[in-house]
Every structure is written in structure tokens, then in C-alpha cells.
Amino acid sequence: MFKYFARPMARIAALSGAAASLVVAQNGPAETAAAEEIPQVTRKESVFRRSASISIENQHAAYHSRFAGKHPNLMVMPVTPQMIALHTIIRDRTTTRDDFVFYSNRIIRLLLEEALSTLPFESATVTTPTNSPFHGYEFTSKVVGVSIVRAGEAMEQGLRDVAKGVRIGKILIQRDEETALPALFYKKLPGDIAERQVLLLDPMLATGGSAMMAIQVLLDQGVLEENITFVNLVSCPEGVANLFKKYPHIRMITSFVDPTLDENWYIVPGCGDFGDRYFGTEDDQHGERVRIFD
């Protein structure tokens with residue numbers, strides 16, 4: 001069976017030592033002696049790495065599940081090895097700016113695809129090139145992205161990549177570093193925003209002050225609370241609780257909920273100042289570039 005095609009190594013690693021030797025033996029006696037040693041080492045390493053990965057996944061997933069259960073309108077992205085790996089890179093204090101931008105953009109793209117899937121759809125039927133019907137869905141509502149300047153602007157290109165021709169509004173809110181209270185400085189929104197589904201973009205949710213002020217700006221423009229989806233990379237329990245206490249009917253999608261805030265109102269463990277790291281305004285641009293797939 002395996003004379004011309006080798007069974008994938010991942011499958012070999014899952015076999016017992018005896019079974020693996022039988023599979024390798026199909027390749028012929030000249031290759032058997034060297035090959036028989038491979039499954040034993042690979043199997044042990046594979047099992048170790050996978051068990052460690054499962055432990056990390058379960059730890060984060062269990063915490064997210066318990067927390068999300070308190071807030072019906074909160075969606076936390078599935079905890080997969082890929083998502084954890086992306087977060088590991090952007091949270092590393094030694095990650096360079098170009099890596100921080102690249103891997104943050106990957107998370108942003110995943111978040112925005114998920115956010116679009118929560119919007120209203122209607123049934124639709126089209127005819128395929130084989131002259132056959134295909135029964136599916138089509139978007140039924142107009143969408144606008146609204147970024148909370150400055151960090152939220154990092155999410156705009158990701159939205160343009162998945163929503164062709166989408167309109168983008170901006171709200172500038174500055175947080176007082178001493179009191180952590182927000183202040184509105186500027187807003188520019190489409191005139192028909194009250195008729196649209198709004199994706200409110202801000203990568204970090206700490207106390208929730210900036211997000212709550214931005215939501216109030218949208219409500220003052222006639223947007224319905226249930227038509228607002230807050231899209232966020234990293235949040236914390238304090239911010240999420242504050243957000244849903246004041247605006248229980250909004251939707252929120254995040255990729256991670258961190259445990260707490262420190263005395264400076266930063267998310268812990270967090271990833272530092274997202275805007276500074278993304279736009280390159282921090283002093284330390286760090287060391288070597290990560291090259292995972294070289």
C-alpha cells in the first residue's frame with residue numbers, strides 16, 4: 001500500500017512503535033533500519049508538543065467560556081493554536097514593529113470576517129455556470145466602519161479588505177492619563193449612518209470609557225444600539241462589564257479577554273500601547289524580525 005506513497009508523518013507518529021515499524025518496512029530493507037528510528041522520536045515529540053498545546057488552549061478557552069457566559073452579546077473568537085501563536089507574537093516585548101503590524105493584521109482580518117458573519121442576511125438563489133440553482137444568502141444591510149482614533153485606524157484596512165467599498169467614519173477620543181476619563185475631540189460620520197450596521201473599531205478595551213463615549217456619539221446620530229458591533233482585539237473584564245452595563249444591546253467581538261488592569265489602567269498581560277507599537281511612535285523598535293516560515 002505504501003510502496004510508492006509514504007503515509008504522512010503525523011499519522012506515523014500516532015502509531016505504536018511496532019505498527020510504525022511495519023509501515024516503514026514497506027519501503028524496503030535498505031531504508032528500514034534508519035527509518036525505524038524516526039517514528040519513535042517523532043511520536044514522543046509530537047505527543048509532548050500537542051499535549052502542551054492542548055493544555056494552553058484549554059486554559060484560555062475555559063476562562064473565556066466562563067466569562068462570556070455572563071454576557072450573552074459577547075463573542076470571543078475560538079481559542080485555536082493559531083490564535084494563541086498570533087497573540088504570542090504581538091504580546092512579546094521584543095517583537096519588531098513590522099512583525100507586530102503583520103501579525104496584528106492577521107488577527108484583525110479574522111475578527112472582521114467573524115463580525116460580518118453576525119450581520120443580517122436574506123435567502124438568495126443564483127444560477128451557476130452549469131445552469132443549476134444554488135440556494136444561499138446575500139447581505140441585506142449597508143455597513144459602515146467607525147474607527148476610534150488613533151489605534152482603531154489600524155483596523156480600517158482589514159475592513160476594506162473584506163468589505164468592498166465600505167465607508168469609514170472616525171471618532172477622536174482622548175483618555176486623560178491621570179483620571180482615565182475620555183474626552184471627545186472630533187467626529188466625522190456618514191450622513192446616513194442611522195440606516196447602517198456599524199462596526200465600531202478599537203483594538204484595546206481597558207476601562208471601556210472611550211468605547212462607551214463612541215457608542216453614545218453613534219446613538220446621538222440615530223444609530224440603534226442593536227445595530228452596533230464593537231470589534232476588538234484584547235479586552236478585560238472591567239471594560240466588558242462597564243460596556244454591557246450601560247449598553248446591553250450592542251454586540252461585541254474580541255479575540256482575547258485578559259484578566260485585569262494594572263494601576264496605570266493598562267490591560268495585563270496585554271500587549272502594551274497598541275497604537276504606539278503599530279504606528280511606530282514608541283522609542284524602542286526592538287530587535288530581530290521573526291521569520292516563521294523561512
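Output the residue which, of all residues in the range 76-92 that are among the hydrophobic types (A, V, I, L, M, F, W, C) and assigned to a loop (DSSP other than H, G, I, E, B), is farthest from the chain's Cα centre (by Cα). Reasoning before the result, please.
Just the residues of the range 76-92 that are among the hydrophobic types (A, V, I, L, M, F, W, C), to begin with: 76-77, 79, 83-86, 89-90.
When the remaining residues are screened for being assigned to a loop (DSSP other than H, G, I, E, B), the result is 77, 79.
On the way: M77: 6, V79: 10 Å.
So, considering only residues that are among the hydrophobic types (A, V, I, L, M, F, W, C) and assigned to a loop (DSSP other than H, G, I, E, B), the one farthest from the chain's Cα centre (by Cα) is V79.
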Margin query: Criterion first (in contact with an Asp or Glu (Cβ under 7 Å, 6 or more places away or on another chain) and of a type outside the set (A, V, I, L, M, F, W, C)) does N232 satisfy it?
Written below: yes
Next item on the list: For D294, work out the one condition from (1) at pLDDT 95 or above; (2) more than 19 Å from G169 (Cα to Cα) it doesn't fulfil.
Entry: (1)
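Just to verify a result, which residue in the range 202-220, among those that are in contact (Cβ under 8 Å) with a residue 40 or more places away in the chain and either assigned to a helix (DSSP H, G or I) or of a type in the set (S, T, Y) (or both), is surrounded by the fewest Cβ atoms within 10 Å (Cβ to Cβ)?
Taking the range 202-220 and keeping what is in contact (Cβ under 8 Å) with a residue 40 or more places away in the chain, we get 202-207, 210-211, 213-214, 217-218.
From what's left, either assigned to a helix (DSSP H, G or I) or of a type in the set (S, T, Y) (or both): 207, 210-211, 213-214, 217-218.
On the way: T207: 19, S210: 27, A211: 29, M213: 17, A214: 27, V217: 19, L218: 25.
The qualifying residue surrounded by the fewest Cβ atoms within 10 Å (Cβ to Cβ) is M213.
Yes or no, residue by residue, for (1) in a helix (DSSP H, G or I); (2) within 24 Å of V217 (Cα to Cα); (3) within 18 Å of the chain's Cα centre (by Cα):
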position	(1), (2), (3)
N131	no, no, no
H135	no, no, no
S147	no, yes, yes
A154	yes, yes, yes
L159	yes, yes, yes
I168	no, yes, no
Q174	no, yes, no
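Within the range 232-262, count every residue that is under 23 Å from I90 (Cβ atoms) and not aliphatic (A, V, I, L, M). Spell out the reasoning first.
Within the range 232-262, the subset under 23 Å from I90 (Cβ atoms) is 232-240, 243, 252-262.
Then keep just the ones that are not aliphatic (A, V, I, L, M); that gives 232, 235-239, 254-256, 258-260, 262.
Residues meeting the conditions: 13.
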Check: If you check S53, S104, which single one turns out to be under 30 Å from M155 (Cβ atoms), at pLDDT 95 or above, touching a Pro at 6+ places or on another chain (Cβ under 8 Å) and not basic (K, R)?
Finding: S104
Checklist line | Odd one out for E114, checked against (1) farther than 26 Å from T140 by Cα; (2) assigned to a helix (DSSP H, G or I) | finding: (1)
Check: Could you give every pair whose Cβ atoms fall below 7 Å, whose first residue belongs to the range 184-201 and is closer than 14 Å to S147 by Cα and in a loop (DSSP other than H, G, I, E, B), and whose second residue is at pLDDT 95 or above and hydrophobic (A, V, I, L, M, F, W, C), counting only separations of at least 6 or pairs across chains?
Finding: L189/V146; P190/V144
Check: So which residues in the range 245-275 are within 15 Å of the chain's Cα centre (by Cα) and outside any loop (DSSP other than H, G, I, E, B), if there are any at all?
Finding: M252, I253, T254, S255, F256, V257, F274
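Regarding R109, is this residue touching a residue at least 24 places away in the same chain (Cβ under 8 Å), basic (K, R), surrounded by 13 or more Cβ atoms within 10 Å (Cβ to Cβ) and not in a strand (DSSP E or B)?
Numbers: touching a residue at least 24 places away in the same chain (Cβ under 8 Å): yes; basic (K, R): yes; surrounded by 13 or more Cβ atoms within 10 Å (Cβ to Cβ): yes; not in a strand (DSSP E or B): yes.
Yes: the conditions hold for R109.
Could you grab me the full set of residues in the range 70-85 that are of a type outside the set (V, I, T) and closer than 14 Å to T254 by Cα?
Listed by number, the residues that qualify are H71, P72, N73, L74, M75, M77, P78, M83.
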Next item on the list: Would you mention how many residues in the range 119-170 are under 30 Å from Y103 (Cβ atoms) and β-branched (V, I, T)?
Entry: 8
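The values are calculated or read from the model by the stated rules, or taken from the named source; none is laboratory data. Since this is a predicted model, take the numbers as computed values, not measurements. Counting neighbours? That spans all protein chains shown, and the Cβs are built from the backbone with ideal geometry, glycine included.
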